[in-house]
Amino acid sequence: MSDLKQFTRKEISTRNTKDDAVTIIDNLVYDLTPFLDDHPGGHEVLLNVVGKEASEDFEDVGHSIDAKELMKKYVIGQIVPEERIEVKKKTFTWDDKSSPASSSAATENSSFINSWKFPVLLGLVMTLMYTYLFG
Ligand code: HEM
């Protein structure tokens, strides 16, 4: 990847029209001009992010693996090393200590509801009520 053309963010900022639609995703520079009319999400969303950073918007949509494969076709370069930013990824792992399920007392209730204990307890209560009312 090191032989990719290097761009500064300033250079990209002027390439913000539908005839020169360039955007930045994960420090890579994409020329979306030929893709505007083919984008399944429409050209408007892409035109909102031309000339600037689109990593978050791209990630927020939850694009498919196919989309990520397709985007490789439009890479024209990368951001110069001194202007690269660390891209936050919203990945979730079960042992992630910062995940909401293990971080606060408020979410302990929801983890109880999501666990197997809740449906079992509910079933027990329903059975008791049924026996009491109709038994
Ligand atoms: C090279 C860059 C991009 C490629 C190749 C691409 C490709 C795709 C593809 C293939 C889909 C269909 C759904 C899927 O397979 O995930 C899609 C949907 C979509 N994309 Fe993109 N996309 C790109 C950039 C962006 C950006 C920068 C944004 C937001 C600013 C965006 C917003 C959307 C939206 C809103 C949808 C519709 C989602 C839905 O209907 O549920 N895309 N894109």
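See the values below:
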| quantity | calculated |
| --- | --- |
| Output for the stretch 27-42, where each listed residue is surrounded by 15 or more Cβ atoms within 10 Å (Cβ to Cβ), assigned to a helix (DSSP H, G or I) and either among the charged types (D, E, K, R) or more than 9 Å from the ligand (Cβ to nearest atom) (or both) | Thr33, Leu36 |
| Residue satisfying all of: in the stretch 43-57; crowded, with 19+ Cβ neighbours inside 10 Å and within 8 Å of the ligand (Cβ to nearest atom); nearest to Leu32 (Cα to Cα) among these | Leu46 |
| Enumeration of residues in the stretch 58-76 that are touching a residue at least 40 places away in the same chain (Cβ under 8 Å) and either within 8 Å of the ligand (Cβ to nearest atom) or not assigned by TED's automatic domain parsing to the domain that holds Glu11 (or both) | Met71, Tyr74 |
| Residue in the stretch 65-84 that is at pLDDT below 95 and either loosely packed, with under 13 Cβ neighbours inside 10 Å or over 18 Å from Lys5 (Cβ atoms) (or both) present | no |
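The values are calculated or read from the model by the stated rules, or taken from the named source; none is laboratory data. Bear in mind that the values here come from a model prediction, so they are computed numbers and not experimental data. Positions of Cβ are backbone-derived with ideal geometry, glycine not excepted, and every protein chain shown enters the neighbour counts.
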